[in-house]
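Have a look at the structure below, then the notes.
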Amino acid sequence: MPLISLRGVTKAFKSGTVALESLNLDIYEGEFLSLLGPSGCGKSTVLRIIAGLTDTSGGEISWRDQRGLGFVFQEPTLAPWSDVFDNVWLPLRLNHVSRSDAKPRVDEALANVGLTGFERAYPRELSGGMKMRVSIARALVTKPAVLLMDEPFAALDEITRAKLNDDLLKLRATLGATIVFVTHSVYESVYLSTRICVMAPRPGRVVAEISVDPNTNRDEDFRLGPYYAERAREASAALQDAMGSAKCA
Amino acid sequence: MSRENIEDYLFPALMFVIVIAAWELFVRVEHIPTFELPAPSLVIETLFKDWNTLFDSLLVTLSTTFEALIAAIGGGVALALSFRLWRPLERAFFPFAVVMQVTPVISIAPLLLVYLSSGEAVLVCAFLVAFFPILANTSLGLASADHNLIDLFELYGASRFQQLWLLRLPSALPYFLGGLRIGGGLALVGAIVAEIAAGSAGSGSGLAYRIVESGFRLNIPRMFAALLLISVTGICIFLFFTGLSYLLLHKWHDSMRTRER
């Protein structure tokens, strides 16, 4: 039974743009699901609907059990006036957890993303990759059952991105959270995911699903091996089909 | 101190000394009468000689300026918060705030003198000019919070008070301080303009009144001395709020940091 189930979900904006049409999507506990698609196919809208940040125009969303959510945006989205500790403390603070009670959990979240010792630094003193780590630590501090990530590494350079991909996989192995990851990178989606849903634009819908063996080690050998190349070719072909299938206005 | 830092202070100071020396020289060489243009040395001499009178007037102007500024801060921030918490209020009141801002204070002053005592009228004029930049900047700041952070607060079920205290107020702080720097200077301008209007009506003892009075008596050195005090007051107000902005923003806001090249 899926953890989250979206059935016939439609989202139309006031401007008349139909972002999603009759979208069906099941998210299973413990999986790493990537939503892969070109810009404007409604990937981010799916995340926002799951997070309850936007309403649907139709369809249903059901949760097996309503547990915590973490959200990582495309930008680090840190409060610039707060230091690293206070930024990570924020979700707990909003739930009335005092600074002293929150400290062990904030310290643990920062240790998980390799930022121990940077508690007193302000966001502007950090590199792009470090800011994104703070953003991930903030999402993890509440120990969410589901982590929603909206193209979190899109603005980073290739080296930082590869490092953060590896770190994210390690975190997932440690924490066991279900992750829904939005990306437009075929290679990133194959490297990280256990399942890829390819979305097509105008209107946004899921047009293909690709499974990636969850038992394979995700390392440099995986990235250079034939299995990875085959899955990437499959995902790329599905993406090409999806872009070709857009219903042009 | 680096060479660039020394140059930053040295060049303006040097230019200031050159201008003052040229002024002094021009007056002495050309034998300009003091009722036309007094030499800087005479202005300083007059400042010391008339210090008691001028200082009393300075206190009056300063008192008006700061009372008006405190009222403008209280009123501007309270109204901006009310606008944020209840949007129909913004639609109802904002046109009035704009009308108050665009109507020149010098044209309102005589009308206020009909209804209020000269002291009250001066205070209201100074308040009116300082109020709008604080209201407008604070309103803009409260509306400028990062939309993703607003989503984040919503995701974690933040109350309206938490959103205001932890997100909107810190987001608005640089805008508010910008408004304060403008409003601080304008409160002085408003006080001076209103004092001139009130002074011409026959009462008042602020610095502007001293300027008008000195003009009537052709005591131009005292006029310059009063002007000097007004300028120094304006500079002090500006420096105070710039320092306050630095204190509150230098750790995190781009406007208060310089990048090493």
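The combined condition, being out of contact with any Ser or Thr (no Cβ under 8 Å at 6 or more places or on another chain), more than 23 Å from A:Leu192 (Cβ to Cβ) and facing another protein chain (nearest Cβ under 9 Å), is fulfilled by A:Arg124. Taking the numbered list (1) in a helix (DSSP H, G or I); (2) over 22 Å from the mean Cα position of the chain (by Cα) in turn, A:Gly129 passes all entries but (2). Scanning region B:204-261 for residues that are under 28 Å from B:Phe176 (Cβ atoms) and in contact with a Phe, Trp or Tyr (Cβ under 6 Å, 6 or more places away or on another chain) gives B:Lys251, B:Trp252, B:Met256.
Within region A:87-96, being in contact with a helix residue (DSSP H, G or I) (Cβ under 8 Å, 6 or more places away or on another chain) and either in a loop (DSSP other than H, G, I, E, B) or among the charged types (D, E, K, R) (or both) holds for one residue alone: A:Arg93.
Of the residues screened, A:Arg124 is not one that is buried (at least 23 other Cβ atoms within 10 Å of the Cβ) and part of a helix (DSSP H, G or I). Scanning region B:221-261 for residues that are within 14 Å of chain A (Cβ to nearest Cβ) and outside any loop (DSSP other than H, G, I, E, B) returns B:Ser245, B:Leu247, B:Leu248, B:Leu249, B:Asp254, B:Ser255, B:Met256.
Can you name the residue in region B:134-149 that is in contact (Cβ under 8 Å) with a residue 40 or more places away in the chain and surrounded by fewer than 23 Cβ atoms within 10 Å (Cβ to Cβ) and is also farthest from A:Phe73 (Cα to Cα) among such residues? Among those that are in contact (Cβ under 8 Å) with a residue 40 or more places away in the chain and surrounded by fewer than 23 Cβ atoms within 10 Å (Cβ to Cβ), it is B:Ala136. Considering (1) β-branched (Val, Ile, Thr); (2) in contact with a Leu (Cβ under 6 Å, 6 or more places away or on another chain); (3) surrounded by fewer than 15 Cβ atoms within 10 Å (Cβ to Cβ), the lone condition that A:Val198 does not fulfil carries the number (3). Counting only helices (runs of 4 or more DSSP H) wholly contained in region B:92-163, the ones carrying 2 or more residues that are more than 27 Å from B:Tyr209 (Cα to Cα) occupy B:118-143, B:147-155, B:160-163. Exactly one residue out of B:Phe94, B:Phe66, B:Phe16 is surrounded by 12 or more Cβ atoms within 10 Å (Cβ to Cβ) and over 27 Å from B:Glu195 (Cα atoms): that is B:Phe94. Does B:Leu173 count as in contact with a His (Cβ under 9 Å, 6 or more places away or on another chain), in a helix (DSSP H, G or I) and hydrophobic (A, V, I, L, M, F, W, C)? Against the criterion (in contact with a His (Cβ under 9 Å, 6 or more places away or on another chain), in a helix (DSSP H, G or I) and hydrophobic (A, V, I, L, M, F, W, C)), B:Leu173 qualifies.
Against the criterion of being in contact with a helix residue (DSSP H, G or I) (Cβ under 8 Å, 6 or more places away or on another chain), without any contact (Cβ under 8 Å) to a residue 24 or more places away in the chain, within 11 Å of chain A (Cβ to nearest Cβ) and part of a helix (DSSP H, G or I), B:Leu166 qualifies.
Applying the condition of being closer than 16 Å to B:Glu213 by Cβ and of a type in the set (Val, Ile, Thr) to region B:33-61 and asking which residue is modelled with the highest pLDDT yields B:Thr46. Does A:Val113 fit the bill of being modelled with pLDDT of 95 or more and among the β-branched types (Val, Ile, Thr)? Here the answer is no, as A:Val113 does not meet what is asked.
Restricted to region A:97-121, and to residues that are part of a loop (DSSP other than H, G, I, E, B) and of a type outside the set (A, V, I, L, M), which residue is surrounded by the most Cβ atoms within 10 Å (Cβ to Cβ)? Filtering region A:97-121 for residues that are part of a loop (DSSP other than H, G, I, E, B) and of a type outside the set (A, V, I, L, M), the one surrounded by the most Cβ atoms within 10 Å (Cβ to Cβ) comes out as A:Phe118.
Put simply, of A:Thr45, A:Thr54, A:Thr10 the only residue that is outside any helix (DSSP H, G or I), within 14 Å of chain B (Cβ to nearest Cβ), on the phi < 0 side of the Ramachandran plot and touching a residue at least 24 places away in the same chain (Cβ under 8 Å) is A:Thr54. Could you tell me whether A:Arg202 is among the basic types (Lys, Arg) and at pLDDT 90 or above? For A:Arg202, the condition - among the basic types (Lys, Arg) and at pLDDT 90 or above - is not met.
Quick check on my filter: what residues within region A:57-73 are part of a loop (DSSP other than H, G, I, E, B) and buried (at least 17 other Cβ atoms within 10 Å of the Cβ)?
The one that is part of a loop (DSSP other than H, G, I, E, B) and buried (at least 17 other Cβ atoms within 10 Å of the Cβ): A:Phe73.
The values are calculated or read from the model by the stated rules, or taken from the named source; none is laboratory data. Here the structure is a predicted model, which means the values were calculated and not measured. Note that we place each Cβ from the backbone using ideal geometry, even for glycine, and neighbour counts take in every protein chain shown.
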